[in-house]
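Undergrad: Before we start, here is the structure in question, set down as structure tokens.
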Amino acid sequence: MIKAAYIHIPFCEHICHYCDFNKVFLKGQPVDEYLDALEKEMKLTLSLSPSNELKSIFVGGGTPTALNVHQLEKLCNIIRDQLSFTENVEFTFEANPGDLSSEKLKILYESGVNRLSFGVQTFNNDLLKRIGRTHEAKDVFHSVDAAKKIGFDNISLDLIYSLPGQTLDDFKQTLDISFSLETTHFSGYSLIIEPKTVFYQLMNKGKLQVPDEDEEAAMYEMLIEKMEKHGYPQYEISNFAKKGYESRHNLTYWNNEPYFGFGAGAHSYLNGVRRSNFGPLKKYMGPIKKGDFPLMEEHVVTEKEMWEEEMFLGLRKTKGVSVAHFSQKFGESPLVLFKDEISQLEEKDLIKVSDGYIFLTYRGRFLGNEVFQAFL
């Protein structure tokens, strides 16, 4: 049963220095043609894999809210016309602070969007310029306040730490300011320098100085502790929420459940097959015009890979992997299938088995990649 859908809008008004997601500059792009192709892809996909009522819809990018008012309304209408979803669906739009006019907010709210995810990253204006962001700290306050006045009561803020030139005090200040906004959810990510980004080029030229591993670990520890103190317990390695506001969309991935993926560069997991669409707009839209799927590649997941994915994705959750659920899903216990791996990781104090769950220890959260690698 497919209960979630991701929709990719690849247009941005500017490109951030760290971003490696599939995106293009908005100016001069065939946005309306892209939205038409998106609608056709949904029709094609749903003709073969009709959805049950979706519990989660996530519109990401790129910057979905970079679309103009008419395009944004068109996108929302397409989603509502093509996808069926439950009355209490979690319907999320990603947004940049400063992007959302009151008219755009009204369109989203009246279209049933009930969750906004703002890419804040930091409240230090100098750092924002350094990482290629165009908004300032004041824009975050304005956007969150405007969203609340329209009626949005489920708002998430994305933060990044270990930024070039960032100190522990800088990050502490960002966290303290973030809590003053009284939102419901936070995502906190360590900066990863990805190929084909401005930061990658600067790093290769020796012109990028980022905090060392100890400083990065100190920032992550501060993130966990301050989130807990302010009523946002950690439910996944990078995610924190008030009780009842954990992201259903995030949990779809970490629970290793199937989901639709629509749009250029989008990924999906349907009927045991992982697929990815072409990223370039022409390559994405071309096949759709001919009535074909815009597939770049697909991979039939083997049973062994399903076991592995269930472990390394599930271990991202603070709660961990349920032994009973794993056994029911695959007919085998993870304690048997991964006996040696679990034993070795327990000896290193990276995971623990207790009360029917296998989960990361506090130390394991800092060395998550080492744990996940053990199951591959």
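The values are calculated or read from the model by the stated rules, or taken from the named source; none is laboratory data. Predicted model only: the values in this text are computed from it and were never measured. For neighbour counting, all protein chains shown are included, and Cβ atoms are generated from backbone atoms with ideal geometry for every residue, glycine included. We work out accessible area using only protein heavy atoms, side chains counted, and drop any ligands, DNA or RNA first. Shrake-Rupley method; radii C 1.70, N 1.55, O 1.52, S 1.80 Å.
Undergrad: In region 122-135, which residues are surrounded by 15 or more Cβ atoms within 10 Å (Cβ to Cβ) and at pLDDT below 95?
TA: Once the filter is applied, which keeps residues that are surrounded by 15 or more Cβ atoms within 10 Å (Cβ to Cβ) and at pLDDT below 95, region 122-135 yields Leu127, Leu128, Arg130, Ile131, Gly132, Arg133, His135.
Undergrad: Give just the number: which of (1) out of contact with any strand residue (DSSP E or B) (no Cβ under 7 Å at 6 or more places or on another chain); (2) farther than 23 Å from Tyr245 by Cα; (3) among the basic types (Lys, Arg) does Arg133 not satisfy?
TA: The failed condition is (1).
Undergrad: Let me ask another. Residue by residue through region 278-294, note down the ones that are closer than 21 Å to Pro10 by Cα, out of contact with any strand residue (DSSP E or B) (no Cβ under 6 Å at 6 or more places or on another chain), outside any helix (DSSP H, G or I) and not small (Gly, Ala, Ser).
TA: Within region 278-294, Pro280, Asp292, Phe293 qualify.
Undergrad: Right, next: Residues in region 241-259: is at least one farther than 24 Å from Leu315 by Cα, open to solvent by less than 60 Å² (accessible area, probe 1.4 Å) and in contact (Cβ under 8 Å) with a residue 12 or more places away in the chain?
TA: no
Undergrad: Next question, about the same structure. Can you name the number of the only condition in (1) farther than 30 Å from Asp170 by Cα; (2) within 14 Å of the chain's Cα centre (by Cα); (3) surrounded by 21 or more Cβ atoms within 10 Å (Cβ to Cβ) that Ala264 fails?
TA: Among (1) farther than 30 Å from Asp170 by Cα; (2) within 14 Å of the chain's Cα centre (by Cα); (3) surrounded by 21 or more Cβ atoms within 10 Å (Cβ to Cβ), the lone unmet condition for Ala264 is (2).
Undergrad: Here is a further query. Of everything in region 138-158 that's open to solvent by less than 10 Å² (accessible area, probe 1.4 Å) and assigned to a helix (DSSP H, G or I), which residue is farthest from Leu108 (Cα to Cα)?
TA: Step by step, filter region 138-158, then rank; the result is Val140.
Undergrad: Tell me, yes or no, whether region 179-196 has at least one residue that is over 19 Å from the mean Cα position of the chain (by Cα), hydroxyl-bearing (Ser, Thr, Tyr), modelled with pLDDT under 95 and more than 24 Å from Phe366 (Cβ to Cβ).
TA: No, region 179-196 has no match at all.
Undergrad: Pull up region 159-190, narrow it to residues that are over 30 Å from Leu202 (Cβ atoms) and among the polar types (S, T, N, Q), then point me to the one that is most open to solvent (accessible area, probe 1.4 Å).
TA: So the residue we want is Ser180.
Undergrad: Could you go through region 219-234 and let me know if any residue there is touching a Ser or Thr at 6+ places or on another chain (Cβ under 9 Å), in contact (Cβ under 8 Å) with a residue 40 or more places away in the chain, within 30 Å of Gln166 (Cβ to Cβ) and in a strand (DSSP E or B).
TA: Taking every residue of region 219-234 in turn, at least one turns out to be touching a Ser or Thr at 6+ places or on another chain (Cβ under 9 Å), in contact (Cβ under 8 Å) with a residue 40 or more places away in the chain, within 30 Å of Gln166 (Cβ to Cβ) and in a strand (DSSP E or B).
Undergrad: Right, another one. Within region 303-324, can you find the residues that are in contact with a Gly (Cβ under 9 Å, 6 or more places away or on another chain) and farther than 18 Å from Glu341 by Cβ?
TA: Ala324
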